[in-house]
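Input: a single structure, listed below in C-alpha cells.
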C-alpha cells in the first residue's frame, strides 16, 4: 500500500498551521508536541501522516517499526528538516557541524570526533574537570542558601543546573572555564546565555523558519530574523573561545614546547578538520550539550523530590558503595547501579527530545506501507516510552525496572532510545551521562529537592517544552538522611 493510504489529520495550509502553533504557544499548552503524537496514535494508529507547511511527514510510534527504520539505515543517515540550519550557514559562509552536516562531510566529522568523546574510556579522563565544576556548583548552592530569607532554601535550582551544564560542557570543549557559577558572570558568557535562551525559548522560531517558504519571508520576517540572530550569537561566542585556545596552543608551539590537551587541542594539532569546521562543531556541540544535560538533570531531581523513598534508597546505595563524602570518578559509576537506572528512567519519562527525524534514503516498507525514498520520518520516542506493552506501568516512575538481575533480564532497547541509535546517535552521550552521574552522586549529600508545586507526575501538567522539556522551578533545602 502506498503512503497516500496512511491515515492522519487533515492537511492545513501554511497560514492555518502557523496560527495553530501560535495559539498553542500563547495558550500555555506547552506539552503540545509530545502529547500530540500520543493523541494522533490513538486516533490514527501507530503510523500516521501529517503536514507542517509544505512538509509532508510520516510519524512512527511503534517500537518495532522504529527499530526497523533505524536498523535499515546506511553508512550516513540523513536527519530530517535541517534545511534552515544549512541555509543559515550558507548565508553566513559558515561550515556545517556534526548535527547539521550530511553525507561525506558528516562521515568525516563523525570519524574524527568519535575517536575523542564517544567511548566511555575516552570520556572518563574528564572526571577531574567535571568534579571541579561540581565543586563550584555546590559552593554556589551554599552561598545562595546563606542569602535566602529562611537561610536554607534555594529557589529555581534549574537555573543553577543550566549554568553547571554550560560550564561543564564548555570546560571539555574549549578546555577553559566560562565563569558561569561565579558571583559575577563575564559579559561574554552573559551574552551567550541570552543567545542560547533565544534559541531554546523560541522553539517555534525554528519550526517557523523551516516551514515558511523563502518567498513568504518578507511578509513574515520575524521568525527567520530571530533564528539568524540567535545563531549569530552562538557562533560569535564559540569562535572567540576557540581562537583564544588556539592562540595559546600556537604560543607553546612557537616556543618549541610540547602541547598536550583535550578535545580542542587534539582537533587543532591533528588538522583533520578545517578551522571553520572546528568553529561549527564546537558551536553545535555546546548548543546540544547544555540544554539536554541541564534539563535531564532537572527532571531527575524533580523525580527524586516527588519520590523521597527513592531518593533515600539512592543515597543509601551511594554511602554503602562509595562512602558519604567520596568524590567519585567515572570508575565509581558502575558501583552505583541505581544512579544509572535513575538516569535511564528519567530519560524514558522525559526524553531529551520527544522524537527524532530521518529522511529515507531508499524505498522502505513500514507497517505495510511503501515509504518512498526522500520521505521525512518522525520517530516518536516519547509515545513509545509511555506504552505499557513496552514498559509495564509505563506512567509510573520505577528506576528499578532498569536493574538487570541476570544475563537475560534486559529492558527493551527501542522502546526508549533518548540518545538515538546507530551511527547517527548522540555523539555527546557519554559526556552527558558522566556529568549527570557525578553530580547526582555528590548532590545527594547536600540536600533534598522539592518541586515548587506539587502537580501530578504525568508531564502534561508539570513541564515546559521548548526544544527539550523542563520541569517547573525546583527548590533545594538541607535534609537529614538519618
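Bear in mind these aren't lab numbers, they're just calculated from the coordinates by the rules spelled out. Values in this document were obtained by computation on a predicted structure and should not be read as measured data. Positions of Cβ are generated from backbone atoms using ideal geometry, with glycine treated the same way; all protein chains shown enter the neighbour counts.
Quick check: the distance between the Cα centres of the range 47-116 and the range 238-276, to the nearest angstrom? If we compute the Cα centre of each part, the gap is 29 Å. Sorted from longest to shortest, the spans of the Cα atoms of the range 60-118 along the three principal axes equal 41, 28, 18 Å. If the chain linking residue 331 and residue 243 were pulled fully straight, counting 0.36 nm for each residue of separation and taking away their Cα-Cα distance, it would gain 28.3 nm. Each of 122, 291, 254 was scored by other Cβ atoms within 10 Å of its Cβ. Listed from fewest to most, they are 254, 122, 291. Can you give the FRET efficiency to the nearest 0.05 for residue 121 and residue 90, using r as the Cβ-Cβ distance and R₀ = 35 Å? Taking R0 as 35 Å, the efficiency between residue 121 and residue 90 is 0.40. Once you order the gyration tensor axes a ≥ b ≥ c over the Cα atoms, which shape class does the range 283-375 get: rounded for a/c under 1.5, otherwise prolate or oblate by comparing a/b with b/c? It is prolate, given that a/c is not under 1.5 and a/b is the larger ratio. Quick one: plug the Kirkwood hydrodynamic radius of the range 228-326 (C-alpha pairs) into Stokes-Einstein at 4 °C, 1.567 mPa s, and report D in µm²/s. Result for D is 76 µm²/s. Counting neighbouring beta carbons within 10 Å and listing from fewest to most, the residues 385, 238 come out as 385, 238. Decide, for the range 62-176, between rounded, prolate and oblate: order the square roots of the alpha carbon gyration tensor eigenvalues as a ≥ b ≥ c, take rounded if a/c falls under 1.5, and otherwise choose prolate if a/b is larger than b/c, else oblate. Verdict is prolate for the range 62-176. Looking at the square roots a ≥ b ≥ c of the eigenvalues of the Cα gyration tensor of the range 306-430, which shape do they give, rounded for a/c under 1.5, prolate if a/b is larger than b/c, or oblate? The shape class here is prolate.
Counting other C-beta atoms within 10 Å, which of 403, 118 has the fewest, and how do the rest follow?
So the ranking, lowest neighbour count to highest, is 403, 118.
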